[in-house]
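First comes the structure, then the notes that go with it.
The values are calculated or read from the model by the stated rules, or taken from the named source; none is laboratory data. Predicted model only: the values in this text are computed from it and were never measured. As a convention, Cβ positions derive from the backbone with ideal geometry for all residues, glycine included, and neighbour counts pool all protein chains shown. The area values use the complete protein model at the heavy-atom level, side chains included, leaving out ligands, DNA and RNA. Shrake-Rupley method; radii C 1.70, N 1.55, O 1.52, S 1.80 Å.
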Amino acid sequence: MSMALEELLRKAELNGDVDFLCEGVRVLSQAVMELEVTPHLGAPRHERTPQRQGQRNGYRERQWDTRVGSLELRVPRVPRVREGSYFPLLLEPRRAERALVAVVQEAVVQEAVVQEAVVQEAVVQGVSTRRVEEWVQALGIQGVSKSQVSVRCGERDGEGERLRTRPLGGVGSRYPYVWLAATFVKGRTQGRVAAQAVVIAIGLNAATGQREVLGLDVGPSEDGTCWLAFLRGLLARGVTGVQLVVSDAHQGLNAASSAVLHGASWQRCRVHFVRNALPLVPKSAAQLVAATIPTVFVPPEPAMARATWRQVADGFRPRYPRLVGLLDAAEADVLAYLAFPAEQWRQIWSNHPLERLNREVKRRTAVVGIFPNEAAIVRLVGAVLAEQHDEWQVGRRYFSAASLATLLPQQAFLDTQEVCDVVPLPIS
């Protein structure tokens, strides 16, 4: 070992660009393997003893991926002996590959370790295997092939599938409030790049008072067929007791909701409603309209809120007939929240809880740009949703028990409370 260190120092003196740390780790690793072989064979190199159990048979080349880069090691060849074949302890089988798996399974980028951050941005966020390989090589690791990256991505796919197919609820579980929305990403399908609709549902579990991510799906468009299949899947997995669906005014979504979620009211998101109203007036009046419509939501009594709505509509009637037509047609849908407990109005009168989640999805998918396939979309969006779902389960209750008692029938509320007292909070 001393000779090897002297040779390393000599190279450093002659050639200043030698990676001293990388070479030092290689020299030390070679010395450790030589020390391990001696007790394994029962005799030092070039010595004959009664305890010798085998002979050396040269070396084999082995690449070892480390934090300092990829090292080329010469592993001693030793025939199998009674104690088993020789394999260096520091080269535990697939250690580097298992380290990469651990990085891939992280849902949040660990800023303290640059290597982990880059690999996660590459694999977890669903980029192509070619780009992952390029990014990993930029770190100085040469042993990760496209096939290995594909395997790691395939393992990550299971998380998104579990979120999409897991059973929902349980004994006594109800989802009185369900929020629905869709976002769009670009992906390759049938040899071309096209927009893909990602439909997402979250719901309030009355047994726990917490929000849950109910599911996601990917389709070619946000049409009624896509929403119909998605909502039927939610019912099949255990969604029951839906009293209010919160969403924007998408025709296909509304039709599917009415066909599948029987008896549930529809709350038209007030934020989206204001956005829909602004194009119906001149730009000079947009600021006035945007400031006037929200005054409807200030009154604390349902009767006062409905009276204010009609007063606002009558005020705009002489000048903006198109806007007034929208106000008259949408009154029942935008004010649907008034039929529910007043302490819950702020959470249910808009799609804000799901819109915040959608913004995080868009932020993460923007890094990818164009997804190589549908599985990559589910991989990334599923990871984001699973992360948020877990945070909701251990966070503060979205609705208190007293608030839920005013929403649910008495017997149903007692059933959910009994289940909540016995069953621990599920963390997926």
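Within 19 Å of A339 (Cα to Cα), surrounded by 13 or more Cβ atoms within 10 Å (Cβ to Cβ) and touching a residue at least 40 places away in the same chain (Cβ under 8 Å), is that true of V245?
Yes.
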Being among the hydrophobic types (A, V, I, L, M, F, W, C) and open to solvent by 40 Å² or more (accessible area, probe 1.4 Å) is the filter here; which residues of region 186-242 pass it? V193, A195, L228, A229, L235, A236
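Condition check ((1) in contact with a strand residue (DSSP E or B) (Cβ under 9 Å, 6 or more places away or on another chain); (2) under 19 Å from L404 (Cα atoms)) across all residues:
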| residue | (1), (2) |
| --- | --- |
| R174 | yes, yes |
| L180 | yes, no |
| Q196 | yes, no |
| L204 | yes, yes |
| A207 | no, yes |
| L214 | yes, no |
| G224 | no, no |
| A229 | yes, no |
| A259 | no, no |
Taking region 307-321 on its own, how many of its residues are open to solvent by less than 50 Å² (accessible area, probe 1.4 Å) and of a type in the set (S, T, N, Q)? 1
Filter region 272-285 down to residues that are assigned to a helix (DSSP H, G or I) and in contact (Cβ under 8 Å) with a residue 12 or more places away in the chain, then give me how many there are. 8
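One line per residue, one yes/no per condition, for (1) over 27 Å from G24 (Cα atoms); (2) open to solvent by less than 40 Å² (accessible area, probe 1.4 Å); (3) modelled with pLDDT under 75; (4) in contact with a helix residue (DSSP H, G or I) (Cβ under 6 Å, 6 or more places away or on another chain):
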| residue | (1), (2), (3), (4) |
| --- | --- |
| H40 | no, yes, yes, no |
| E47 | yes, no, no, no |
| Q51 | yes, no, yes, no |
| R56 | no, no, yes, no |
| R60 | no, no, no, no |
| Q63 | no, no, no, no |
| G69 | no, yes, yes, yes |
| E72 | no, no, no, no |
| V75 | no, yes, no, no |
Starting from residues that are open to solvent by less than 30 Å² (accessible area, probe 1.4 Å) and in a helix (DSSP H, G or I), keep the ones in region 287-306 and report whichever is nearest to W345 (Cα to Cα). F297
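Can you work out which of the residues in region 351-380 that are among the basic types (K, R) and crowded, with 16+ Cβ neighbours inside 10 Å is farthest from the chain's Cα centre (by Cα)? Working first, answer last.
Applying the first criterion (among the basic types (K, R)) to region 351-380 yields 356, 359, 362-364, 379.
When the remaining residues are screened for being crowded, with 16+ Cβ neighbours inside 10 Å, the result is 364, 379.
Details: R364: 9, R379: 7 Å.
Ranking the candidates gives R364 first.
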Give the number of residues within region 181-212 that are over 17 Å from R359 (Cβ atoms) and of a type outside the set (D, E, K, R). 16
Test result for V324, in a helix (DSSP H, G or I), within 25 Å of A290 (Cβ to Cβ) and open to solvent by less than 10 Å² (accessible area, probe 1.4 Å): yes
